Protein chains: 2
Amino acid sequence: MKSGEILLLTAREIQSLLTLDECIGAVERAFRAYGEGRAVPPAVLSMHTGGGGCHVKAGLRELNRSYFAAKVNGNFPENSSRFGLPTIQGVIVLCNAGNGTPLAVMDSRDITALRTAAATAVAAKFLARQDSQTITVCGCGNQGRMQLKALSRVCRLETVFAYDRDGQQALRFSQDLTSELKISVRTVSDLSAAVRQSDICVTCTTSRQPLLGLDDVSPGTFIAAVGADSPQKQELHASLMAGSKIVCDILEQCAVMGDLHHALEAGVVTRANVYAELGEVVAGKKPGRESQQEITIFDSTGMALQDVAAAAVLYEKALRHGSGVRLNFAA
Amino acid sequence: MKSGEILLLTAREIQSLLTLDECIGAVERAFRAYGEGRAVPPAVLSMHTGGGGCHVKAGLRELNRSYFAAKVNGNFPENSSRFGLPTIQGVIVLCNAGNGTPLAVMDSRDITALRTAAATAVAAKFLARQDSQTITVCGCGNQGRMQLKALSRVCRLETVFAYDRDGQQALRFSQDLTSELKISVRTVSDLSAAVRQSDICVTCTTSRQPLLGLDDVSPGTFIAAVGADSPQKQELHASLMAGSKIVCDILEQCAVMGDLHHALEAGVVTRANVYAELGEVVAGKKPGRESQQEITIFDSTGMALQDVAAAAVLYEKALRHGSGVRLNFAA
């Protein structure tokens, strides 16, 4: 790159460049660095407007060089119905954290989807039973698709139950993923029955009421609670949280906007009941799953450390491949 | 703009589009809105690294449409000597704050320079004597040039004293600005003597020691203290702050990183001694200058409200002129 040049990466370029395996690797290394105390906590800034809000999530990552990334995202829940626009839109600005030079501007959608799914895959490596082969995906939108793809990279999945409030969405999910992953993906209408038969369950909905309680889950299950990323959202009943080993991405963020938030509010769990942050487990400071019987939960709210990790590997790969448009902004 | 398209504006395009008069107008309207309680306080996020830091300043502005801007800047003081790079580099991401859609990515350098100078010009309209014609510019770098140009838009300047620790820099400043502004710009080596003869003084250095005390300033002077934008930097002696009418851009930010910071630390000034924020004066909630004798100080630390105001007028003008490159990031 010439001095002053910024690499611009569109969604299409990002889709063709960034693989799930690379993203899982980058995110796992980032969580390990965080758990080892080698990564500073990410920072968040939010400004609320009428129908939503604009948010900046920023993180630093020391790799071959030092990277800073700021993800600038709008989150407007009524965008689809009001404007035919995605709920979340935005860009990631990647900078050299050694001298502040902006390196790249990237569409944020696919990086967010991949890094979120990658965190679940990393969590599954440490928190799911080794012999896990049956999974329920609750919420068959784009994030559900990515979650299943990511988990299929780290688990030998044989049976997938697809549940969605919108049966047509579950059907499309089943058709597409059966063909893409070459495994059996079946739609289900009884979520509870499906989860009770599953080794893994991923919830990635926009629900504001709990979808799963302790009675819906068999011993030994790993649950990735991905959907709740604001104080209003909830997918797991407080009783399920209380009866499980809870691992957070960031404790303080989960306490505000994860499923942990509601369990704390219900008074059935305290911060001291949270077993670990994922980084501590990946870094080997605490064991992950310790028995075949325990229910493990990964409370995923999403952190900028994942964004900067994914953006950095993407940037380096784009440079190697000569991808993207370069524009000299400083000229 | 087509859906998904982001407008990319380079430094050269920004220089040719954004005029000081437009920027002064936009910044004045932004301060007025803030003073009237129609603008939310801007937000800041910082992450420090070895030789500097990466910062995000974010603001909202309601105009014909609602805008959100996040300025992502690196600030690395040793960049020039170590890498031959500017100290501050970065981009501004402008979004539609009604739905979160990213609208533009712009180089941040010239927008920052113009909006900073524009704030001084706005402050001068309310805090300098109407008959001000003699000015000292202390610090003859790029910001000093822009400050003088902006002040020449709102004051009938006749004599300019140019002071810089680096005499060659002052000489170039004098030569260039004499020819550009068609007024007398003279280099001086005795800062104190020059300021005592001046109606206005702008300090825009990187000094960490006070350059001006109460004895250096005549009654009736307006001082714009622009350089201090971090806790270590200082240009005005606490005694000068204590003897003057202090107007801040944002009180709480000045208390941490402006010249106010050092006056508070010295114990000669309290928050209650600060006369106003500039927005209150522009909105007419408090009078500006109230006598020919008082010394007025504008403590300028820079706020995202100025960035979003300048970026929004720039964006709308670029659309009208068909300037910049458009790239569909979401495709």
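The values are calculated or read from the model by the stated rules, or taken from the named source; none is laboratory data. Values in this document were obtained by computation on a predicted structure and should not be read as measured data. We place every Cβ from the backbone using ideal geometry, glycine too, and count neighbours over all the protein chains shown. Accessible surface is based on the protein model in full, side chains and every heavy atom, while ligands, DNA and RNA are left aside. Shrake-Rupley method; radii C 1.70, N 1.55, O 1.52, S 1.80 Å.
By the rule of a C-alpha distance below 25 Å, with chain neighbours fewer than 8 residues away ignored, the lysines paired with residue A:285 are A:125, A:245.
Over all distinct alpha-carbon pairs, what is the Kirkwood Rh of segment B:122-175 in angstrom? For segment B:122-175, inverting the mean 1/r across all distinct Cα pairs yields 11.5 Å. How would you classify segment A:188-232 from its alpha-carbon gyration tensor, with a ≥ b ≥ c the square roots of the eigenvalues: rounded for a/c under 1.5, else prolate if a/b is greater than b/c, otherwise oblate? It is prolate, given that a/c is not under 1.5 and a/b is the larger ratio.
Below 13 angstrom from the Cβ of residue A:157, what's the summed charge of the other residues (Lys, Arg +1; Asp, Glu -1)?
Details: positive: A:129, A:149, A:153, A:156, A:182, A:186; negative: A:131, A:158, A:180, A:199.
Neighbourhood net charge equals +2.
All alpha carbon pair distances within segment A:90-225 were sorted into 5 Å bins beginning at 0; the resulting P(r) in whole percents reads 2, 10, 20, 21, 18, 11, 6, 5, 4, 3, 1. Amide hydrogen proximity for residue A:328: with H placed 1.01 Å from N in the peptide plane, the residues at 5 or more positions away or on another chain lying under 5 Å are A:6. For peptide B:103-110, the mean count of partner chain Cβ atoms within 10 Å of a residue's Cβ comes to 3. Each peptide among A:114-125, B:11-22 gets the average number of other Cβ atoms lying within 10 Å of its residues, and from highest to lowest they stand as A:114-125, B:11-22.
Taking only the C-alpha atoms of segment B:169-209, the Rg (one decimal) and the largest Cα-Cα distance, Dmax (whole number), read 11.5, 33 Å. Chains B and A together bury some 3700 Å² of accessible area, summed over both sides, with a 1.4 Å probe.
Relative intensity of segment A:162-264 on a log10 scale, I(q)/I(0) at q = 0.12, 0.22, 0.23 Å⁻¹, equals -0.42, -1.17, -1.23, per a Debye sum over C-alpha point scatterers of equal strength in the absence of solvent.
Fraction of C-alpha pairs exceeding 37 angstrom in the protein assembly as shown: 42 percent, rounded to a whole number. Peptide packing for B:74-82, B:154-162 was compared via the average number of neighbouring C-beta atoms within 10 Å per residue; ordered from the highest value, the list is B:154-162, B:74-82. Computed from the C-alpha gyration tensor, the three semi-axes of the ellipsoid equivalent to segment B:39-112 are 28, 13, 9 Å, from longest to shortest.
Other chains near B:33-43: what is the mean number of their Cβ atoms within 10 Å of each residue's Cβ? Don't jump to the answer; show the numbers that get you there.
Values: counts 0, 0, 0, 0, 0, 0, 0, 3, 1, 2, 5.
The mean count of partner-chain Cβ atoms within 10 Å per residue comes to 1.
Give the shape of segment A:190-331 as rounded, prolate or oblate, defined through the alpha-carbon gyration tensor: a ≥ b ≥ c are the square roots of its eigenvalues, a/c under 1.5 means rounded, and otherwise the shape is prolate if a/b is larger than b/c and oblate if not. Here segment A:190-331 falls in the prolate category.
Could you tell me what fraction of 2.2 N^0.38 Å the Cα radius of gyration of segment B:81-134 comes to, as a two-decimal ratio?
Values: Rg = 17.1 Å, N = 54, 2.2 N^0.38 = 10.0 Å.
After normalising by residue count via 2.2 N^0.38 Å, the value is 1.71.
Across peptide A:319-328, the average count of Cβ atoms from other chains found within 10 Å of a residue's Cβ is 2.
Taking all protein chains into account, the per residue accessible area for segment A:224-331 stands at 34 Å² (1.4 Å probe).
Using θ = phi - 60° in the Karplus curve 6.51 cos²θ - 1.76 cosθ + 1.60, the 3J(HN,Hα) couplings for segment B:77-84 round to x, 9, 4, 5, 6, 7, 10, x Hz; x is entered for Gly and Pro.
Got a number for carbon plus sulfur as a percent of chain A's accessible area, 1.4 Å probe? Walk me through the numbers on the way to the answer.
Details: 5950 of 12660 Å².
In chain A, the share of accessible area belonging to carbon and sulfur is 47 percent.
Computed over neighbours whose Cβ is under 11 Å from that of residue A:51, the net charge equals 0, Lys and Arg +1, Asp and Glu -1.
If packing is taken as the average number of other Cβ atoms within 10 Å across a peptide's residues, how do A:305-313, A:65-73 rank, most packed first? Write out the running numbers ahead of the final one.
Numbers: A:305-313: 28.6, A:65-73: 25.8.
Put in order of decreasing packing, that is A:305-313, A:65-73.
Here's the list of lysines a cross-link from residue B:2 could span, going by alpha-carbon distance under 26 Å and ignoring same-chain residues fewer than 8 apart: A:71, B:71, B:317. For chain A, averaging the sequence separation of C-alpha pairs within contact (under 8 Å, six or more residues apart) and dividing by the residue count gives a relative contact order of 23 percent. Placing a label point 7 Å from Cα along the Cα-to-Cβ axis, residue B:83 is separated from the same position in the other copies by 3.4 nm, shortest listed first. Remark: label point of residue B:3 defined 7 Å out from Cα along the Cα-Cβ vector; separations to the same position in other copies 4.3 nm, ascending. Residues whose amide H lies under 5 Å from that of residue B:201, counting only those 5 or more places away or on a different chain, are B:136, B:222, B:223, B:224; hydrogens are built 1.01 Å from N in the peptide plane. Note down the accessible area of residue A:29, probe 1.4 Å, to the nearest 10 Å². About 110 Å², ignoring ligands and nucleic acids. Taking the DSSP beta bridges in the protein assembly as shown as the whole, what percent of them are antiparallel, to the nearest 5? Here the share of antiparallel DSSP bridges comes out near 55 percent. Residues of segment A:60-81 that lose at least 30 Å² of accessible area (1.4 Å probe, protein heavy atoms only) when the other protein chains are present, relative to their chain alone, are A:60, A:68, A:72, A:76. Shown in residue order for segment B:310-320 are the 3J(HN,Hα) couplings computed by the Karplus curve 6.51 cos²θ - 1.76 cosθ + 1.60 at θ = phi - 60°: 5, 5, 5, 5, 4, 4, 5, 5, 4, 4, 4 Hz (x for Gly and Pro).
I'm checking a number: the convex hull volume of the Cα atoms of chain A, normalised per residue, in Å³. What is it?
Working: hull volume 44.4 nm³, N = 331.
Given the Cα convex hull of chain A, per-residue volume reads 134 Å³.
At the listed q of 0.10, 0.16 Å⁻¹, the Debye profile of segment A:1-88, built from one uniform point per Cα, gives log10 I(q)/I(0) equal to -0.40, -0.96.
Between copies, the label points at residue B:193 (set 7 angstrom from Cα along Cα-to-Cβ) are spaced 9.7 nm, reported in nanometres from shortest to longest. Summed over the residues of segment A:1-93 and divided among them, the accessible surface reaches 42 Å² per residue at a probe radius of 1.4 Å.
So for segment B:245-324, what percent of the C-alpha to C-alpha distances run longer than 15 Å? Roughly 64 percent, rounded to a whole number.
Taking 2.2 N^0.38 Å as the expected size of a compact globular protein, what ratio does the Cα radius of gyration of segment B:59-152 give against it, to two decimals?
Working: Rg = 16.7 Å, N = 94, 2.2 N^0.38 = 12.4 Å.
That works out to 1.35 for segment B:59-152.
Counting Lys +1, Arg +1, Asp -1, Glu -1, what net charge surrounds residue B:18 among other residues with beta carbon under 13 Å of its beta carbon?
Details: positive: B:12, B:109, B:115, B:149, B:317, B:320; negative: B:13, B:21, B:22, B:107, B:110, B:307, B:316.
That sum, taken over residues with Cβ under 13 Å, equals -1.
Cα centroids of segment A:38-102 and segment B:103-181: how far apart, whole angstrom? The distance from the Cα centre of segment A:38-102 to that of segment B:103-181 comes to 34 Å.
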